[in-house]
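Undergrad: Please find one structure pasted underneath; my questions will follow.
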Amino acid sequence: MDATIRRLALLGSTGSIGQNTLDVIAGFADRFIVHALCAGDNIAKLAEQVERWRPKLAVVRTSQGADQLRKLLTDRGVAPLPEIAHGEAGLLAAVAAPTDLVVAATVGVAALGAIAAALAGGRTVALANKEALVVAGELLLGIARQSGAQLLPIDSEHSAIHQCLRGSRPGEVARLILTASGGPFLRYSVEQLATVTPDQARRHPTWNMGSRISLDSATLMNKGFEVIEACHLFSVAESQVAVLVHPQSIVHSMVEFSDGSTLAQLGTADMRTPIQYALTYPDRLPSNRKRLNLEEMSRLDFELPDHGRFPCLGLARQALQAGGGAPAALNAADEVAVAAFLQGRIPFTRIAGVVDETLSQIGAPPIASIEAVLEADARARRVAQSLL
């Protein structure tokens with residue numbers, strides 16, 4: 001096989017990032033072989049993907065899902081059937097040899113062990129899973145350094161920073177500037193925020209995303225997670241990561257250098273662009289996606305976030321400063337609180353309170369292993385549930 005062809009394992013193939021990844025790969029059939037497709041419970045969508053891409057391995061969450069997938073593929077006349085696995089063992093099989101590129105597009109901490117295993121095995125990991133670096137950034141980066149594995153960001157903001165840093169030297173960076181759209185409630189008062197509905201919160205002004213990430217964008221917790229990720233990915237202090245609200249979502253992020261120069265990465269709101277950049281790095285290959293027309297832009301606005309109305313951003317910074325298991329508790333409590341809001345059990349403005357109170361109770365327990373991360377995660381979930 002040509003050494004330039006990469007065998008890819010896609011964790012989270014049926015989600016929006018997973019589907020966009022496959023769309024990107026379709027344009028580079030001479031560069032990629034889809035070796036493994038991994039999904040949760042969307043068995044019907046996975047069956048379609050398996051029929052199209054013919055991976056050697058397909059992974060689902062449960063044994064019942066594996067049986068369902070096997071039947072669907074048989075009914076579709078797919079032959080030969082791929083190996084079908086489930087759960088943690090399936091994910092670990094997906095990231096093992098002969099896979100050499102792993103795209104981590106899952107949601108939550110379910111794939112944390114598989115991501116760690118991929119890095120330990122020296123695989124290149126293209127990361128779209130926010131939770132991994134938030135809850136276990138130091139551990140994962142340590143594993144990558146030891147094995148020589150490469151970790152590439154897919155998030156548009158971190159991809160932008162990665163691009164702006166190309167060619168720079170250590171010590172030249174003054175600060176990183178993450179941009180945020182501000183979400184659907186940028187101009188809402190505290191009184192208005194108290195009455196917003198889940199449907200309103202899901203309507204992100206720029207991106208089409210899943211429920212949780214849409215809610216996290218609405219509270220600015222998502223931007224807090226990105227601050228944590230940036231510190232790990234680019235080896236900078238929390239004080240070196242700034243956030244600016246940029247409603248147009250044209251400037252995806254910026255880097256300010258020690259000489260006062262600032263580089264920005266601009267582009268249309270299309271996740272396939274940062275996905276392609278990660279998959280083909282260090283090459284920058286042509287695409288037929290929509291180009292950015294600067295002449296059509298009348299203005300680019302920037303403003304500081306309002307921490308009073310959106311306290312989650314500050315809570316994320318506090319968790320990062322505390323270290324240890326605090327970021328894992330932050331993520332777990334947020335997930336519980338967001339789910340409660342979507343279920344109508346708490347108002348939008350209570351999300352930050354649940355997270356804050358959970359952090360106060362959990363503190364910053366030491367984290368020396370993936371198991372310790374998962375233990376902190378589980379404990380924080382129990383505390384957060386008790387606060388609802």
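Bear in mind these aren't lab numbers, they're just calculated from the coordinates by the rules spelled out. Note that the coordinates shown come from a computational prediction; the quantities given were computed from them, not determined experimentally. For neighbour counting, all protein chains shown are included, and Cβ atoms are generated from backbone atoms with ideal geometry for every residue, glycine included.
Undergrad: Could you please find all residues in segment 87-117 being aliphatic (A, V, I, L, M), part of a helix (DSSP H, G or I) and more than 21 Å from His162 (Cα to Cα)? Quick ask: steps written out before the conclusion?
TA: Residues of segment 87-117 aliphatic (A, V, I, L, M): 89, 91-97, 101-105, 107, 109-112, 114-117.
Add one more test, that the residue is part of a helix (DSSP H, G or I), and what stays is 89, 91-95, 112, 114-117.
Those that are aliphatic (A, V, I, L, M), part of a helix (DSSP H, G or I) and more than 21 Å from His162 (Cα to Cα): Ala89, Leu91, Leu92, Ala93, Ala94, Val95, Leu112, Ala114, Ala116, Ala117.
Undergrad: Using the structure shown, decide if Ala126 is under 23 Å from Ala89 (Cβ atoms), touching a residue at least 12 places away in the same chain (Cβ under 8 Å) and in contact with a helix residue (DSSP H, G or I) (Cβ under 8 Å, 6 or more places away or on another chain). It would help to see each step written out before you state the result.
TA: Details: under 23 Å from Ala89 (Cβ atoms): yes; touching a residue at least 12 places away in the same chain (Cβ under 8 Å): yes; in contact with a helix residue (DSSP H, G or I) (Cβ under 8 Å, 6 or more places away or on another chain): yes.
The answer is yes for Ala126.
Undergrad: Any residue in segment 212-225 that is under 27 Å from Ala264 (Cα atoms) and in contact with a strand residue (DSSP E or B) (Cβ under 7 Å, 6 or more places away or on another chain)? Spell out the reasoning first.
TA: Filtering segment 212-225 for residues under 27 Å from Ala264 (Cα atoms) gives 213-225.
With the extra rule that they be in contact with a strand residue (DSSP E or B) (Cβ under 7 Å, 6 or more places away or on another chain), the set shrinks to 220, 223.
Yes, segment 212-225 contains at least one residue that is under 27 Å from Ala264 (Cα atoms) and in contact with a strand residue (DSSP E or B) (Cβ under 7 Å, 6 or more places away or on another chain).
Undergrad: So how many residues does segment 148-163 have that are assigned to a helix (DSSP H, G or I) and of a type in the set (A, V, I, L, M, F, W, C)? Show your work before the answer.
TA: First, pick out the residues of segment 148-163 that are assigned to a helix (DSSP H, G or I): 156-163.
Then keep just the ones that are of a type in the set (A, V, I, L, M, F, W, C); that gives 160-161.
Total satisfying the criteria: 2.
Undergrad: When the residues of segment 20-70 are filtered to those that are of a type in the set (Val, Ile, Thr) and over 18 Å from Ala114 (Cα atoms), which remaining residue is surrounded by the fewest Cβ atoms within 10 Å (Cβ to Cβ)? First the steps, then the outcome.
TA: First pass over segment 20-70, keeping only residues of a type in the set (Val, Ile, Thr): 21, 24-25, 33-34, 43, 50, 59-60, 62.
Subsequent filtering for residues that are over 18 Å from Ala114 (Cα atoms) retains 21, 24-25, 33, 43, 50.
On the way: Thr21: 28, Val24: 23, Ile25: 21, Ile33: 19, Ile43: 24, Val50: 24.
In this case the residue turns out to be Ile33.
Undergrad: Can you run down the residue pairs with Cβ atoms below 9 Å, 6 or more apart or on separate chains, where the first is in segment 167-186 and basic (Lys, Arg) and the partner is assigned to a loop (DSSP other than H, G, I, E, B) and surrounded by fewer than 19 Cβ atoms within 10 Å (Cβ to Cβ)?
TA: Pairs found: Arg175/Val236.
Undergrad: While we're on this one: Tell me, please, whether a residue that is surrounded by 18 or more Cβ atoms within 10 Å (Cβ to Cβ), touching a residue at least 60 places away in the same chain (Cβ under 8 Å) and small (Gly, Ala, Ser) can be found in segment 71-92.
TA: No, segment 71-92 contains no residue that is surrounded by 18 or more Cβ atoms within 10 Å (Cβ to Cβ), touching a residue at least 60 places away in the same chain (Cβ under 8 Å) and small (Gly, Ala, Ser).
Undergrad: Shifting gears a bit: Quickly run through segment 33-71 and pick out the residues that are of a type outside the set (Val, Ile, Thr) and in a strand (DSSP E or B).
TA: Within segment 33-71, His35, Ala36, Leu37, Cys38, Leu57, Ala58 meet the criteria.
Undergrad: Here is a list of conditions, (1) farther than 22 Å from Pro184 by Cβ; (2) in contact with a Pro (Cβ under 9 Å, 6 or more places away or on another chain), and Ala368 meets all of them except one; can you say which number that is?
TA: For Ala368, the failing item is (2).
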